[in-house]
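Have a look at the structure below before the remarks.
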Ligand SMILES: Cc1cc2nc3c(=O)[nH]c(=O)nc-3n(C[C@H](O)[C@H](O)[C@H](O)COP(=O)(O)OP(=O)(O)OC[C@H]3O[C@@H](n4cnc5c(N)ncnc54)[C@H](O)[C@@H]3O)c2cc1C
């Protein structure tokens, strides 16, 4: 029988986290709360933390709660609306909020306003069919208390008060509708990551090495891992070892997982999709919008390409983004190499990767159409959400890079996954996080899964359960129970996180 590692306060077990993004930072804070004496080393290839996907400008900062993202509810063949995914996502975000509220209560972060702000979430559609879908979605969601307070309107006058830019200059004959959830949030995941890392650096036995790129991982006979790194400043090779490794390298996770050679990594491949935003540079326009408006993805578009006109609060300043526009690049990281994709193709994942390509022809077509877009095409897309838009008020900026997971299905064919995938070694000595959706919003529940899968005995111990419940009172409650608990949890977290409107 494979024995999982048991961590104790005074053991000299060494924990290595690869990457200084939101995932590693969250895992490190959780581990230090559970066992303050343990030793954690974080290796980051860039010269600062949170400079890839977790950076505020590299993601949309939406606190994903399924309030506005239409892809989290699906209409079934019998006409009913499946809201189970929406409930799970909304409940997962409540877990993250509880953890962040704990960070504020412990005074690890000075002010919640620096990273989380109240920005209403709207879904907006046009055309008879889409309006009927939205109404059906609204009726189904509002049966759950998690979506209590959601409003629906197909009255253009009402919609004008909710989102003046979207309604200004719109064809009056067009049928439109929106839902609005006032308790939506915008999160600066970059600030949050930096703040957690700053806190970690004040603790004993935590070391952060910047400019250190992990190049290889090799399992040793004693069960530990030998890690080969490149010091990118001195250009020399460093070798270290660890009893537990978390690969939280964002787009860089797949190549490292492959290098680990663990059996569980077999069949995984990755497909990079880059993102771009139109960023508003006209202060007058920025001030006229105060919500996140999410639309419907076009046919073949991956779920993360749902267009949205998005108010952001970044470093205390209100911003306005539209996008994302998808692009294709063979890089796995924004600061990566064009050889990332070709180098990730190995014998074991070649068939799944080819099959995923074959089965996703609409996606391929969509990406080709996106990559060949002109400035005028992008303006046209923006005008669907802001009819009076002029290109001179916007500039194109590069968002982050996502690597969508490709994995074998039951028939050994490849499928493209749009979610997040946690891959753990059977002995719990290594975990890797692949994929990017719903992303940073679910950092806390996903890192709790790492604790549960890799440190099972600790996780089930009375000591860890008590501490975890102090941090996250609703830990391990079934998603459905959040319906009953949500009012209580939200009152507490919204109060601590200063989210009460
Ligand atoms: C366009 C876009 C929009 C998004 N919108 C949202 C949103 O609205 N809401 C949401 O919740 N999520 C969103 N996400 C997803 C979210 O940004 C990610 O899920 C999250 O930031 C991932 O965090 P991470 O810590 O895993 O990765 P990252 O933040 O990318 O961190 C990984 C770190 O590992 C480092 N690294 C990589 N390879 C190595 C190596 N070999 N050695 C050492 N270090 C290495 C990298 O430099 C990086 O600093 C979006 C993502 C994109 C791209």
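Residue by residue, here is whether (1) part of a helix (DSSP H, G or I); (2) surrounded by fewer than 16 Cβ atoms within 10 Å (Cβ to Cβ) holds:
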site: 450; (1), (2): yes, no
site: 453; (1), (2): yes, no
site: 459; (1), (2): yes, no
site: 463; (1), (2): yes, yes
site: 466; (1), (2): yes, yes
site: 474; (1), (2): no, no
site: 477; (1), (2): no, no
site: 483; (1), (2): yes, no
site: 489; (1), (2): yes, no
Quiz item: Would you say residue 166 is buried (at least 19 other Cβ atoms within 10 Å of the Cβ) and over 28 Å from residue 487 (Cβ atoms)?
Solution: yes
Quiz item: Looking at (1) farther than 30 Å from residue 87 by Cα; (2) at pLDDT 90 or above; (3) more than 16 Å from the ligand (Cβ to nearest atom), which is the only condition residue 396 fails?
Solution: (3)
Exercise. Kindly list the number of the only condition in (1) modelled with pLDDT of 95 or more; (2) farther than 27 Å from residue 256 by Cα; (3) in contact with a helix residue (DSSP H, G or I) (Cβ under 8 Å, 6 or more places away or on another chain) that fails for residue 68.
Key: (3)
Exercise. Scan region 376-386 residue by residue and report those that are assigned to a loop (DSSP other than H, G, I, E, B) and touching a helix residue (DSSP H, G or I) at 6+ places or on another chain (Cβ under 8 Å).
Key: 385, 386
Quiz prompt | Residues being assigned to a loop (DSSP other than H, G, I, E, B) and either in contact with a helix residue (DSSP H, G or I) (Cβ under 8 Å, 6 or more places away or on another chain) or touching a residue at least 24 places away in the same chain (Cβ under 8 Å) (or both) - total across region 88-109 | solution = 2
Quiz item: Say we look at region 64-80 and pick out the residues that are farther than 24 Å from residue 333 by Cβ and within 14 Å of the ligand (Cβ to nearest atom); which of these is surrounded by the most Cβ atoms within 10 Å (Cβ to Cβ)?
Solution: 67
Quiz item: Does region 181-197 contain at least one residue that is free of Cβ contacts under 8 Å to residues at least 12 places away in the same chain, outside any strand (DSSP E or B) and in contact with a strand residue (DSSP E or B) (Cβ under 9 Å, 6 or more places away or on another chain)?
Solution: no
Practice problem: Give 136, 160, 85 a once-over and let me know the one that is touching a helix residue (DSSP H, G or I) at 6+ places or on another chain (Cβ under 8 Å), assigned to a helix (DSSP H, G or I), surrounded by fewer than 19 Cβ atoms within 10 Å (Cβ to Cβ) and at pLDDT 95 or above. | Solution: 160
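The values are calculated or read from the model by the stated rules, or taken from the named source; none is laboratory data. Keep in mind the model is a prediction, meaning the values are calculated, not measured. Reconstructed Cβ throughout: ideal geometry from the backbone, glycine too, with neighbour counts over all protein chains shown.
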